[in-house]
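Contents: one structure, followed by commentary.
The values are calculated or read from the model by the stated rules, or taken from the named source; none is laboratory data. Everything numeric in this text was worked out from a predicted model, so none of it was measured. Don't worry about glycine lacking a Cβ; one is built from the backbone with ideal geometry, like all the others, and counts go over all protein chains shown.
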Amino acid sequence: MEGAQNKPLLAVISQGCAANFGDGEKIARVFAEEYHVVFGMPQNSVQKPQAFVLNVCTVKGNAGALKLLREALNTAPDAKIFITGCAPKDFREEAAKITDKVIFTSLKELGQEKEIPARDQNDKGDKGTPRESPLVGIVNIEEGCLDACAYCSTRLVKGHLRSYPAADIIQQVKRLVSDGCVEIQLTGQDCGCYGFDTGTNLAELVQQILAEVPGNYKMRLGMGNPRHMMQYLDKLIECFKDERVYKFIHLPVQSGSENILKAMNRKHSAADYVMLAEAFNKIPLFTLSTDMIVGFPGESEQDFNDTLDILKKTRPTVCNITRFVARPNTPAYNMPAAVPDEFKHARSAALAEAFQRIATENNARWIGQTETVVIEKPGYRKGTYIARNAAYRPVAITSDTPLKPGERFTVTITDAEPFALIGTPAQA
């Protein structure tokens, strides 16, 4: 840290998905020799950042990214500001109205500018490599996708699928585990189609990692679209038999209506999703995660009821509910039959109410279980901690004895809430 005080301060701030946070860590590694890199907005810091890299997310609109830009300007008015991530044309135009100081760039361009390769396989993996968390290793396994969803602006920025070589990914995982990571997150815009451009798939990659990287760690698999995961489902389910793989899958359905799925250009049917969900739900105490959009253009009351029905049928424990936001330059932007905002709000509220009831019931299955969890971070209240169990469920713990992040701790689950389990230290 002594040398860090003599370097200019660079703040890297990522928003959105794990893939974006993984890119943020790559950016930090690119600049680590020249700058003292910190993650997040510096709070009450004597040293003001000389530069920001804002790794933005605009999937749900531009408001959050624009707010971050204004916060950076207020924190250090004289700092350089680089913006990367999911920054489509309309966001760039809005940002330019706020300030002319922004330099829009990409991870590849940042790497070239510093004459340092930005790909992870070139990272030497030294101790102290910049990461958001010293215990969590984020590994981007691919970029881009094979889909053209009508509402999605991310694909306009990230482009077509580019899978990273398995050998490079495995080497990165080895380095992260040797550097003390207890959790490895495999991530990308769509991990479900990983390797389709190189003759492999996600299940084969996971099995290679398990075979070649020993250690006491757990892997979390990133989001995968249903139509891709269907192609290697049996092999994927085999992966969850290894205790080093969290019993968790993120499988976005977006709608339970066949009509809306076609309008979204999702390329899977509601029945496809149900088949996959039922297969994963057969794994005991598994965590199924999904995404649902309400208020897509043309969504009728019956279409919404179909979404509500598929939620109740497949019973996910995690569900990201989004009210549709039209993104410029996407096919959905000019679609007719827009759904009024009051309908969107009412439908998202109804969906959230049903989901929270299901999630509470799912989490209640854990009550009475005694298991070993990994401490993730301190809780908001003194003496409380948040941990993760084998199915990537957050477990809230109260302990009289201080617990350290990364520590393994045996708890008994005593209660359940929609978004967490409640645990108490197990009796010796």
Of (1) assigned to a loop (DSSP other than H, G, I, E, B); (2) among the small types (Gly, Ala, Ser); (3) surrounded by fewer than 22 Cβ atoms within 10 Å (Cβ to Cβ); (4) at pLDDT 95 or above, GLY180 satisfies all except one. Which?
(4)
Condition check for PHE82: farther than 27 Å from TYR333 by Cβ and surrounded by 14 or more Cβ atoms within 10 Å (Cβ to Cβ)
yes
Residues of region 183-199 being part of a loop (DSSP other than H, G, I, E, B) and hydrophobic (A, V, I, L, M, F, W, C), in sequence order, are PHE196
Could you list, in sequence order, the residues of region 38-55 that are among the aliphatic types (A, V, I, L, M) and buried (at least 23 other Cβ atoms within 10 Å of the Cβ)?
VAL53, LEU54
Scan region 115-134 for residues that are surrounded by fewer than 19 Cβ atoms within 10 Å (Cβ to Cβ) and either modelled with pLDDT of 95 or more or among the aliphatic types (A, V, I, L, M) (or both) and jot them down.
ILE116
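Residue-wise test of (1) touching a residue at least 24 places away in the same chain (Cβ under 8 Å); (2) among the charged types (D, E, K, R); (3) more than 18 Å from THR154 (Cβ to Cβ).
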residue	(1), (2), (3)
ARG29	yes, yes, yes
TYR35	yes, no, yes
GLY40	yes, no, yes
THR58	yes, no, no
ALA65	yes, no, no
What tally of residues in region 342-356 results from selecting those that are in contact (Cβ under 8 Å) with a residue 40 or more places away in the chain and over 26 Å from LEU288 (Cβ atoms)?
1
